[in-house]
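Notes follow once the structure below has been shown.
The values are calculated or read from the model by the stated rules, or taken from the named source; none is laboratory data. A quick note: this is a predicted structure, and the numbers were derived from the prediction, not measured. Cβ placement follows ideal geometry from the backbone for every residue including glycine, while neighbour counts extend to all protein chains displayed. Surface areas here come from the heavy atoms of the whole protein model, side chains and all, with no ligands, DNA or RNA. Shrake-Rupley method; radii C 1.70, N 1.55, O 1.52, S 1.80 Å.
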Amino acid sequence: MACVLEAPLRMSVLSEVTASSRHYVDRLFDLDPQKVLQGVIDMKNAVIGNNKQKANLIVLGAVPRLLYLLQQETSSAELRTECAVVLGSLAMGTENNVKSLLDCHIIPALLQGLLSPDLKFIEACLRCLRTIFISPVTPEDLLYTDATVISHLMALLSRSRYTQEYICQIFSHCCKGPDHQTILFNHGAVQNIAHLLVSTSYKVRMQALKCFSVLAFENPQVSMTLVNVSVDGELLPQIFVKMLQRDKPIEMQLTSAKCLTSMCRAGAIRTDDSCIVLKTLPCLVRMCSKERLLEERVEGAETLAYLIETDVELQRIASITDHLIVMLADYFKYPSSVSAITDIKRLDHDLKHAHELRQAAFKLYASLGANDEDIRKKIIETENMMDRIVNGLSESSIKVRLAAVRCLHSLSRSVQQLRTSFQDHAVWKPLMKVLQNAPNEILVVASSTLCNLLLEFSPSKEPILESGAIELLCSLTQSENLALRVNGIWALMNMAFQAEQKIKSDILRGLSTEQLFQLLSDSDVNVLMKTLGLLRNLLSTRPHIDHIMSTHGKQIMQAVTLILEGEHNIEVKEQTLCILANIADGTTAKELIMTNDDILQKIKYYMSHSNAKLQLAAMFCISNLIWNEEEGSQERQDKLRDMGIVDILHKLSQSSDPNLCDKAKTALQQYLA
């Protein structure tokens, strides 16, 4: 019985709530324009800070009526403005509110409103548009559907400080990626917004600055333009540096540091420029300190990681500024222990930012340790660092996992650490787990790290092999993702270096001849070079060469012929000739070359090539074929003499290149012995 009563009870509560709101909507339909205006003003006062009331009014159909009144030519300027204000207030509620507004096609209506001559109405429409566009549920592309909108917004920038503030805010929120940057740039964003950096209004200066930070991000065209723009006789970089000063609000310091960082990364400002070394970098390090809010520390660390990512000197300077490496360890201590937190809001805030802090710290550690061995050592010696990375690899947040893998990859470039810390913490185990099932973005970095763990001096190499890595890596070589194909074959190449015959056979079995040919005909030169590197490592030491060529000889010779005949660069051909030289070093395998006249003619051709590297590689083949101490050398020498190889050797013994000359003389001695 209780279940039967529950529904009507709820209905009556809802109807009571909506009934109390209904009169607001009813008044919008009054025939007296004055009463309609008063109704809208009362509605405005009723919804301020009241999300429940906002939701009720949306359910009762207030939005279509407000939009109708806003678009009516017969509506007074004041009524249209008040409608825009109420719609803006509704948009400040929940994301569902914004979705409802979008469903009613609010954006075209507001954009149309911008054509009005009435400034107050324009400002109200812009304020509402700003609120809608900063919501995560609004697609940014809605701003760009009509090409005339951007031009009109640029023209409105001069109308008032409010139009400047709102339009800059709309641009900075709707500029996502190079396409949007190009549209705004081509519509004169730089020239139209630059002078706003010296506005008397702080809000305008701040929004203009944010605009430049998104316009310049990873955009050389914008960055190169910004560096030469001046406002009131002062260049923009100098204005940005002034905004970095400690007496400026933190938000301004951080955003101007982002602008200078983007310009530096784009090559518009040199990395050794004093505005980067003495201003931007120290400012970003300051943002990482305990005194800053958690969100400021996140932004500071991520921006600094991006600034120093590719520059060794900046990495060194950052590592010794304000004890940064130790300071970052504090990023892992959130949320604080519950007993220390009496405030539930604070705990909630800490929890929300905890994973962002860890992600930022891992990113910055990855950049700091990208090149310098001493810095890597300092990072690894920071309290519980390896444990933190290992824990990071299994976090639920994909972003934290990716940042932890990046950090691990950066540290895995250290020979010393691969032999010590990486082994002590069995880092390979969680890494292999990550590789089993992860998005491509993580797989690319994780497989790069695995390449380093498979180098011959790494103690992790053996346990990784035992955990089924060959199968995993062979499957990566079939990926449609280029970086994964490169990493898969690269890791196999490292695995095959000085490996036992069983491992080499397992690799060949796992790859299959068909896949090997696929990789050798890959359109990407990196894949091709790494595959040739793998073949070269497989075909090393005589017993291995003879064994592999006895089982796969025909296919390998076919692949070699294919590459030597193809349109490939010098490095590819050199690597292929080196593989032939390895085959020529086998005991029985060399017969596969001697019985293949086509290959012999190709070797002869490359001995007389214009490129010394290719000549030298071809000579290695010849030397291995004619070496005296080996069985059948006389017959091989005779055959090669008949082909004219000795004449070429005589000619090369006179070469001005000392390497070629020495190699030719050594080969000729085999004939004289």
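Go through Lys203/Lys290; Lys258/Lys279; Lys290/Lys399 and tell me which ones have a Cα-Cα distance over 18 Å in this structure.
Lys203/Lys290; Lys290/Lys399
How far, in nm, would the chain grow between Lys248 and Thr541 when pulled straight, counting 0.36 nm per residue and subtracting the alpha carbon separation?
Difference between extended and current length: 98.8 nm.
Where does helix 597-607 land angle-wise versus the long Cα axis of the chain, in degrees 0 to 90, nearest 10?
That works out to roughly 80 degrees.
Taking amide H positions as placed 1.01 Å from N in the peptide plane, with prolines and chain starts having none, which residues 5 or more places from Ser201, or on another chain, fall under 5 Å of its amide H?
For Ser201, whose amide H was placed from the backbone, there are no distant partners under 5 Å.
If you fit an axis through the alpha-carbon atoms of helix 119-133 and take the longest principal axis of the Cα set of the chain, what angle between them do you get, 0 to 90°, nearest 10?
40 degrees
Check which residues have an amide H placed less than 5 Å from Val231's amide H, if you skip close sequence neighbours.
Excluding prolines and chain starts, which carry no amide H, the hits are Leu236.
Between the alpha-carbon centers of segment 310-326 and segment 656-673, tell me the distance in whole angstrom.
Distance between centres, Cα-based: 52 Å.
Taking the radius of gyration and the Kirkwood hydrodynamic radius from Cα positions alone, what is the Rg/Rh ratio for segment 306-430, to two decimal places?
Dividing the radius of gyration by the Kirkwood radius yields 0.99.
Mind giving me the FRET efficiency for Leu31 and His152? R0 is 35 Å, r the Cβ-Cβ distance, nearest 0.05 is fine.
Calculated value: 0.50.
Principal axis extents for segment 616-667, Cα atoms only, whole Å, descending order, please.
33, 19, 15
Based on the mean of other beta carbon atoms within 10 Å per residue, what is the order of 620-626, 362-368, most packed first?
So the order, starting with the most tightly packed, is 362-368, 620-626.
Ranked highest first by average number of other Cβ atoms within 10 Å, how do 548-557, 278-287 line up?
Per-residue mean Cβ counts within 10 Å order the peptides as 278-287, 548-557.
Each residue of segment 260-266 in turn: what ³J(HN,Hα) in whole Hz from Karplus with 6.51, -1.76, 1.60 and θ = phi - 60°, glycine and Pro shown as x?
Couplings: 5, 4, 4, 5, 5, 5, 7 Hz.
Please report, to one decimal in angstroms, the Kirkwood hydrodynamic radius of segment 564-672 built from all distinct Cα-Cα pairs.
13.7 Å
Over the residues of the chain, compute the C-alpha Rg and express it relative to 2.2 N^0.38 Å.
1.32
Using the 2.2 N^0.38 Å rule of thumb for compact globular proteins, work out how segment 414-538 stacks up: its C-alpha Rg over that value, please.
Its radius of gyration relative to the 2.2 N^0.38 Å reference: 0.99.
Can you list the HN-Hα couplings for segment 184-198, worked out from phi with the Karplus curve (6.51, -1.76, 1.60; θ = phi - 60°), rounded to whole Hz and with x for Gly and Pro?
5, 4, 5, 8, x, 4, 4, 5, 6, 9, 3, 5, 6, 5, 10
Give the accessible surface of the chain per residue, rounded to a whole number of Å², with probe radius 1.4 Å and ligands, DNA and RNA excluded.
Ligands and nucleic acids excluded, the figure is 46 Å² per residue.
Over the chain, what percent of the accessible surface lies on carbon and sulfur atoms, probe 1.4 Å?
52 percent
Give me a comma-separated list of calculated 3J(HN,Hα) values for segment 501-508, in order, Karplus coefficients 6.51, -1.76, 1.60 applied at θ = phi - 60°, integers in Hz, x for any Gly or Pro.
In residue order, the calculated couplings are 4, 4, 5, 4, 5, 4, 5, 5 Hz.
So, by mean Cβ neighbours within 10 angstrom, what's the order for 408-417, 94-103 with the highest one leading?
Ranked by mean Cβ neighbours within 10 Å, highest first: 408-417, 94-103.
Based only on Cα atoms, what mean projected area does the convex hull of segment 57-109 have, in nm²?
For segment 57-109, averaging the hull's shadow over all directions gives 3.3 nm².
Relative to the longest principal axis of the C-alpha atoms of the chain, give the angle of the C-alpha long axis of helix 62-71, reported between 0 and 90° and rounded to the nearest 10°.
90 degrees
Could you state the principal axis extents of the C-alpha atoms in segment 426-495, from the largest down, to the nearest angstrom?
Extents along the principal axes: 31, 22, 17 Å.
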